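What follows is calculated from the coordinates using simple rules that are stated; it is not laboratory data. Bear in mind the structure is a predicted one, so any value in this text is a computation, not a measurement. So basically every Cβ, Gly included, is an ideal-geometry build from the backbone, and we count neighbours across all protein chains shown.
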Amino acid sequence: MVNILIVDDEANIITMFKLTLEMLGHTVYSAAHGREALAVYEQNADKIELVISDLTMQPDMSGWELCAALKDRVPVALTSGELIDENFMEKILAAGAVGFLNKPADYVPAALEKKLEEFLKASSRGKS
């Protein structure tokens, strides 16, 4: 199973996401914003294999900025409740992210497990 850091400024999203990931057998770290995520990652860099971050967070660092800060260190997937098109997906990949999760549709266990496999395969650090 995978050690995952989830980052979202909405506590209910973290709770729902964490419960689903743990039910699937993964170990979950969490952070409420970008700077906290960087600190959690630094403390657990040898364990964390994937970061999943919301795109828009308050107050200090967006998912875009977090992705840029971590992109050469750990795979980062971005997530949002906003609908995206093909051009937006290209922007996400160009930013260095390994993929995208739609909130909340991709948080369903079967869809989430499939997405995690895709993210890890897309990453040079991915493990099956």
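Counting neighbouring Cβ atoms within 10 Å and putting the fewest first, the residues Val74, Val108 line up as Val108, Val74. Given R0 = 35 Å, the distance between the Cβ atoms of Glu82 and Asp46 translates into a calculated FRET efficiency of 0.55. Just round it to a whole percent: the fraction of Cα-Cα distances in the chain exceeding 24 Å. So the pairs more than 24 Å apart make up 16 percent of the total in the chain. Rounded to the nearest 0.05, the FRET efficiency derived from the C-beta distance between Asp60 and Ala110 at R0 = 30 Å is 0.30.
Between Glu36 and Lys71, the FRET efficiency estimated from the beta carbon spacing at R0 = 22 angstrom works out to 0.75.
With Cα atoms defining each centre, the range 102-125 and the range 54-75 are spaced 18 Å apart in the structure.
What the phi angles of the range 42-50 give under the Karplus curve with 6.51, -1.76 and 1.60, with θ = phi - 60°, is a coupling list of 4, 6, 10, 4, 6, 10, 6, 9, 7 Hz, glycine and proline written as x. Within the range 16-70, the ratio Rg/Rh, alpha carbon atoms throughout and Rh by Kirkwood, equals 0.96. Taking 0.36 nm per residue of separation and subtracting the current Cα-Cα distance, fully stretching the chain between Glu117 and Leu19 would add 33.5 nm.
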